[in-house]
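Taking it in order: structure first as structure tokens, then the write-up.
The values are calculated or read from the model by the stated rules, or taken from the named source; none is laboratory data. Since the structure is predicted, the reported quantities are computational estimates derived from the model, not experimental observations. For neighbour counting, all protein chains shown are included, and Cβ atoms are generated from backbone atoms with ideal geometry for every residue, glycine included.
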Amino acid sequence: MSYTIEQNLIPGLPKEPYVGGVGNYVGVIAHSTANNGDSVDGERNYELTTWQNAFAHFFVDDQKIEQVADTNYICYGAGHTANHLGYVQVELCQTTDPTKFNKAYAMYTWLLAKLLYNRKLSVVDGITLMSHAQVSAKWHESNHTDPIEYLASHGKTWANVVADVTAQYNLMGEEDSVLNVAVLLFTKDDYWAGADVAAKNGNCALFIRSANQSVPAEAKSAKQLIVVGGPSAGHPNEVLLSGKDKYATAAAVAKYLGQ
Ligand SMILES: [Zn+2]
């Protein structure tokens, strides 16, 4: 699952780096707007003239995710310490409609995960993933307790948010670790032919079947598997470069490389 992030930056925002430097945010803060029936566009319009008091980086409603401030720089969303330490901040627009809530909530938790995943920060409750309520309790620079009450009005707890963001984060890791192409060798005698095939495919990963001829899991999960020597590995998107002996295999490889 993936969503589009629309970018519509508010002009004139300050460009203050985080404590750790430009772009080096340390976590995310989850907010809700406390404004039932609002929308991304309405909130952005409001911030156009009021950003000196407060602004976040993103708004989410049931229709879209919109980025209104550059995540390389601080926003004014949760008090001096959190803002400057470096928290990217996301506002969830509010609705009383459960269907709209569910759509917005799915995008909200996905976005929080994506922002953490982009910097490989992990999902750590109260450290990298904070509610505005947690920020208020930790640094006492604001008294806001969002988005807890709003989530509760739709039957969700903060623990649900942590679990859902974690699930999305883990999914992003799995999707990233899937190889596009891998080469599977039958024995180490196939190495030189296999290395040429891998080179032709941008030096993709090379695997060798183990003594019992089983296929390594990473090779199995690759989007395409090129088998050099030996029998088919049964991969759904397989290129089999293999003959009845090593000469026939070499010929199949040469033909493939000549393409
Ligand atoms: Zn807040």
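Listed values, structure above:
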{"read-out": "Top-ranked residue in the range 117-172 [being acidic (D, E) and more than 16 Å from the ligand (Cβ to nearest atom); ranked as nearest to C75 (Cα to Cα)]", "value": "D125"}
{"read-out": "Long-range neighbours under 8 Å by Cβ, at least six apart or interchain, first residue in contact (Cβ under 8 Å) with a residue 40 or more places away in the chain and assigned by TED's automatic domain parsing to the domain that holds S32 within the range 87-109, second away from the ligand (no atom under 16 Å from the Cβ) and part of a strand (DSSP E or B)", "value": "M107/I65"}
{"read-out": "Close pairs (7 angstrom Cβ cut-off, 6 or more residues apart or separate chains): assigned by TED's automatic domain parsing to the domain that holds Q89 in the range 37-60, of a type in the set (S, T, Y) and away from the ligand (no atom under 15 Å from the Cβ) anywhere", "value": "G37/T95; H57/T71"}
{"read-out": "Leading residue by the ranking (surrounded by the fewest Cβ atoms within 10 Å (Cβ to Cβ)) among those in the range 45-104 that are out of contact with any Lys or Arg (no Cβ under 6 Å at 6 or more places or on another chain) and among the aromatic types (F, W, Y)", "value": "Y46"}
{"read-out": "From the options V22, V88, V26, residue that is in contact with a strand residue (DSSP E or B) (Cβ under 9 Å, 6 or more places away or on another chain), under 21 Å from S136 (Cα atoms) and more than 16 Å from the ligand (Cβ to nearest atom)", "value": "V26"}
{"read-out": "1 or more residues within 30 Å of S122 (Cα to Cα) and of a type in the set (K, R): qualifying helices (runs of 4 or more DSSP H) within the range 169-259", "value": "217-221"}
